[in-house]
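Okay, structure first, notes after.
Read the figures in this text as sums done on the coordinates, not as results from a lab. For clarity, every value in this text was computed on a predicted model and none was experimentally measured. Backbone-built Cβ (ideal geometry, glycine too); neighbour counts: all protein chains shown.
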Ligand code: GYE
């Protein structure tokens, strides 16, 4: 065999390297397509709350249970990172794409790219707002409007039970223009609408973050002082950030102030049991099983429900809270 000169050998190796890089960039390599294991690409919002961390853990566990390969990317609270991740999933030719959209707007272009690539997209947890048809196969997530409505109905029952004549309410909302923020606000406001005892002093964006919950509560206490009767917080993280600020002001949460929260994570339930939160509306993060079952149905060409809502309950001082089972997130 002719001895290849060193220069030719280097050139040959460089060409081989370029070819393998090209094959990788074009998606799964030959041997992977021989073993058509189902591959799900999931873009997760971030790690902003115990709920989100529980949601990620559940999706990973259920992918394992159902034998589905999972490419999960954490977007660290940035929509642009989610869009980039979805484009990577398309390039890699995953079988299904799923994601929890941090906000409702701004997804049309990347979802049209997924549709042109023939990759079905499942929404998990949150929804999108679009005028275009056929971008999404289904939504698996909570009925956030009903969560807000249950929170408002609890407050009405509390006012009736205690014979309260007037309640000044402050609202600490989740991420602006996210589905849970929009719908938890709408459901709560509809539940108290027409009840002349209820006045909402201010709604302020806490972005579902514990640190922002504390900042918002400091501002609200400085602004409205002891005229506040009720704090309605869109998630436990912000509630847990707000509570120390309330106590620093010499106010007793759960007795001087009515505290209403949403998610139902273990930490908030423990505080409910201590009597420092009055009501926690459940929002389960355990959506992994429904997601994997839906992925398998799509793979088998079966019809899937366009909307899958988990059943949810309310935990409050109307019940024996010592009986609440461990929450798992
Ligand atoms: O309430 C909050 C998380 O989208 C339901 O996002 C989810 C919300 C949840 O950060 O804790």
Inter-label distance for residue 320 and residue 113, nm, one decimal - labels placed 7 Å from Cα along Cα-to-Cβ: 5.6 nm
Please report, in Å, the Rg and the Dmax of the chain, where both are computed over Cα atoms only. 24.3, 99
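Using Cα pairs closer than 8 Å and at least 6 residues apart in sequence, work out the relative contact order for the chain, in percent. Intermediate results must be reported in sequence, preceding the final value.
Working: 606 pairs, mean separation 55.0, N = 329.
It rounds to 17 percent for the chain.
By its C-alpha gyration tensor, with a ≥ b ≥ c as the square roots of the eigenvalues, how is region 144-283 shaped: rounded for a/c under 1.5, else prolate for a/b larger than b/c, else oblate?
Numbers: a/c = 1.23, a/b = 1.04, b/c = 1.19.
It comes out rounded by the Cα gyration axes.
Within 10 Å of each residue's Cβ, count the other Cβ atoms and sort 279, 216 from fewest upward. It would help to have the intermediate numbers written out before the result.
Details: 279 24, 216 27.
Sorted ascending by nearby Cβ count, the order is 279, 216.
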Determine the gain in length on full extension of the stretch residue 186-residue 201; use 0.36 nm per residue of separation and subtract their C-alpha separation, reporting nm with one decimal. 3.8 nm
Taking Cα pairs under 8 Å and at least six residues apart, what relative contact order does region 173-265 come out at, in percent? 29 percent
Residue separation times 0.36 nm, minus the C-alpha to C-alpha distance between residue 157 and residue 57: what's the value? 32.4 nm
Applying 1/(1 + (r/R0)^6) with R0 = 51 Å to the Cβ-Cβ distance of residue 296 and residue 166, what FRET efficiency is obtained, to the nearest 0.05? 0.45
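What FRET efficiency would be calculated for the residue pair residue 64, residue 256, taking the C-beta separation as r and a Förster radius of 56 Å, to the nearest 0.05? Please list the in-between numbers first.
Values: r = 47 Å, r/R0 = 0.83.
Result of the calculation: an efficiency of 0.75.
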Among region 177-211, those whose backbone N falls under 13 Å of a label point 7 Å along Cα→Cβ from residue 104 are 177-187
Cα centroids of region 136-174 and region 299-329: how far apart, whole angstrom? 17 Å
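What's the ranking of 178-187, 137-146 by average number of surrounding C-beta atoms within 10 Å, highest first? If you can, show how the numbers build up before the last one.
Details: 178-187: 23.0, 137-146: 21.0.
Final packing ranking: 178-187, 137-146.
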Kindly state, to the nearest 0.05, the FRET efficiency for residue 91 paired with residue 266, given R0 = 45 Å and r defined as their beta-carbon distance. 0.70
